[in-house]
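Asks: Take a look at this one; I'll ask things after.
The values are calculated or read from the model by the stated rules, or taken from the named source; none is laboratory data. What you see is a predicted model, and the numbers here were worked out from it, not measured in a lab. Positions of Cβ are backbone-derived with ideal geometry, glycine not excepted, and every protein chain shown enters the neighbour counts.
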C-alpha cells in the first residue's frame, strides 16, 4: 500500500485524547454548514425511541422494572442550525437510576432546556406496565400488561404539563346482536350466539400540576367504566362468569366513550382527557370507532386520529 492511501484496517488500540478530540470537525456548528430549506422554526427535533430499563413508581410506592422507549425533543428557533442529538440521550441517562413518575419529567425537561438552550422541550417514555389481575371466580391470577406512556412538556414561561396515555383492552358485546338472537329463539326456536369482540380504549389525560394520578388509578377508572376487561388466567367458572359479564354490560362503541367520559370527568385531578375506542368487529370486516374529549378550550381535539394503532 502506498503512503498516500488510507488504511482500511480498524485500529482497536487507538485511544482518543482530549487534543485529538479537539481536532474533530463539527460540521453542524461550523460556518460552512448553511441552513437548508426554509429558515423557519422547527416545532420539535430530537431523539426517538432509545431504549433502557427503568423503575416506574407503582400505586403503593413500589418500583416496577420495565423496558421503556424514550423520545426527547426541543424546539428549534429560526436561524438555529440544529442540536447535539447525543445530548438528549446523555441528559436522560443522568436519571436512569431514579424511580420514575410523571413528576421527575419536569426535572429532566428543565435540564434539556438548560443543556440544549431552547425554549420548548418535550419528553415521552412508553412501556408495558404489568399488574396482577385476579380471575373472576377461581383463585387464579396472572399478569395483565398495559401499554402506557408518560408525556411531559415545558413551554415558554416554564409551564410544565404532564400527561398519561393508557390502553385498556376489553370485550364489547353487541346489544343489537343479542336482541336478534333472543328474537330468533322466541319466534322460531332457533339457537344463535350474539357477537362480541376484543376492543381497545386509548385514554389520554392531562393531570393537574399539583396532583398525582397513578397508572393503577387510571386502570381502575377504565375498569369502572367498561367492566369487561379481557382475562389472563381462566378456569371454566371464569369463562362462564365472563360470558355473564358480557351479557350484563352490552355496549355500542359510542356507549364506551360516553361511559369513559362520565368516569374521567368525575376525577378533579384530570384537567383534560380524550378517549378513543375501537371495536374490532367480529361481524363486519371493518371496525367501529368513536372519540370523545372533555371539551376544554384549546384542549384535546379529535382531528384525524390514527385508529390503526388501536388494532390488537
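Asks: Got a sec? Which of 147, 119 is within 26 Å of residue 292 (Cβ to Cβ), outside the structural domain of residue 300 (by TED's automatic domain parsing) and surrounded by fewer than 18 Cβ atoms within 10 Å (Cβ to Cβ)?
Replies: 147 is the lone residue from the list that is within 26 Å of residue 292 (Cβ to Cβ), outside the structural domain of residue 300 (by TED's automatic domain parsing) and surrounded by fewer than 18 Cβ atoms within 10 Å (Cβ to Cβ).
Asks: Restricted to segment 207-227, and to residues that are in contact (Cβ under 8 Å) with a residue 40 or more places away in the chain and buried (at least 21 other Cβ atoms within 10 Å of the Cβ), which residue is nearest to residue 248 (Cα to Cα)?
Replies: Among those residues, the one meeting the criterion is 226.
Asks: How many residues does segment 9-34 contain that are exposed (fewer than 10 other Cβ atoms within 10 Å of the Cβ) and at pLDDT 85 or above?
Replies: Total meeting the criteria: 15.
Asks: In segment 39-56, how many are surrounded by 14 or more Cβ atoms within 10 Å (Cβ to Cβ) and in contact with a helix residue (DSSP H, G or I) (Cβ under 9 Å, 6 or more places away or on another chain)?
Replies: 5
Asks: List every residue pair whose Cβ atoms sit under 6 Å apart, with the two residues 6 or more apart in sequence or on different chains, where the first one lies in segment 251-279 and is closer than 21 Å to residue 195 by Cβ and the second, anywhere, is part of a helix (DSSP H, G or I).
Replies: Pairs that qualify, where the first residue is closer than 21 Å to residue 195 by Cβ and the partner is part of a helix (DSSP H, G or I), are 259/225; 277/253; 277/256; 277/257; 278/307; 278/310; 279/253.
Asks: Can I ask one more? When you scan segment 202-212, do you find a residue that is closer than 21 Å to residue 293 by Cβ, part of a helix (DSSP H, G or I) and modelled with pLDDT of 95 or more, even just one?
Replies: Within segment 202-212, not a single residue is closer than 21 Å to residue 293 by Cβ, part of a helix (DSSP H, G or I) and modelled with pLDDT of 95 or more.
Asks: Let me ask something else about it. Out of 192, 247, I need the residue that is surrounded by fewer than 17 Cβ atoms within 10 Å (Cβ to Cβ) and either part of a loop (DSSP other than H, G, I, E, B) or touching a helix residue (DSSP H, G or I) at 6+ places or on another chain (Cβ under 6 Å) (or both). Which one? Walk me through it before giving the result.
Replies: Numbers: 247 fails: either part of a loop (DSSP other than H, G, I, E, B) or touching a helix residue (DSSP H, G or I) at 6+ places or on another chain (Cβ under 6 Å) (or both).
The conditions single out 192.
Asks: For segment 161-189, give me the residue count where each residue is assigned to a strand (DSSP E or B) and either over 30 Å from residue 300 (Cα atoms) or touching a helix residue (DSSP H, G or I) at 6+ places or on another chain (Cβ under 9 Å) (or both).
Replies: Residues meeting the conditions: 9.
Asks: What number of residues within segment 150-160 satisfy the criterion of being modelled with pLDDT of 95 or more and either surrounded by fewer than 19 Cβ atoms within 10 Å (Cβ to Cβ) or not in a strand (DSSP E or B) (or both)?
Replies: Final tally of qualifying residues: 0.
Asks: I'd like to check something: does segment 128-136 contain any residue that is assigned to a loop (DSSP other than H, G, I, E, B) and over 24 Å from the mean Cα position of the chain (by Cα)?
Replies: Yes.
Asks: Residue 267 is checked against (1) farther than 30 Å from residue 155 by Cα; (2) at pLDDT 95 or above; (3) assigned to a loop (DSSP other than H, G, I, E, B) and fails just one. What number does that condition carry?
Replies: (1)
For every residue, the table says whether it meets (1) in the same structural domain as residue 214 (by TED's automatic domain parsing); (2) under 16 Å from residue 99 (Cβ atoms); (3) in a loop (DSSP other than H, G, I, E, B); (4) modelled with pLDDT of 85 or more.
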site: 48; (1), (2), (3), (4): no, no, no, yes
site: 52; (1), (2), (3), (4): no, yes, no, yes
site: 55; (1), (2), (3), (4): no, yes, no, yes
site: 60; (1), (2), (3), (4): no, yes, yes, no
site: 66; (1), (2), (3), (4): no, yes, no, yes
site: 71; (1), (2), (3), (4): no, no, no, yes
site: 82; (1), (2), (3), (4): no, no, yes, no
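Asks: Let me ask something else about it. Any residue at all in segment 285-305 that is in contact (Cβ under 8 Å) with a residue 40 or more places away in the chain, assigned to a loop (DSSP other than H, G, I, E, B) and out of contact with any strand residue (DSSP E or B) (no Cβ under 6 Å at 6 or more places or on another chain)?
Replies: no
Asks: Looking at segment 279-312 only, could you name the residues that are modelled with pLDDT under 85 and more than 22 Å from residue 162 (Cβ to Cβ)?
Replies: 303, 304, 306, 307, 308, 310, 311, 312
Asks: While we're here: So which residues in segment 127-141 are in contact (Cβ under 8 Å) with a residue 40 or more places away in the chain and out of contact with any strand residue (DSSP E or B) (no Cβ under 6 Å at 6 or more places or on another chain), if there are any at all?
Replies: Scanning segment 127-141 gives 135, 136, 137, 138, 140.
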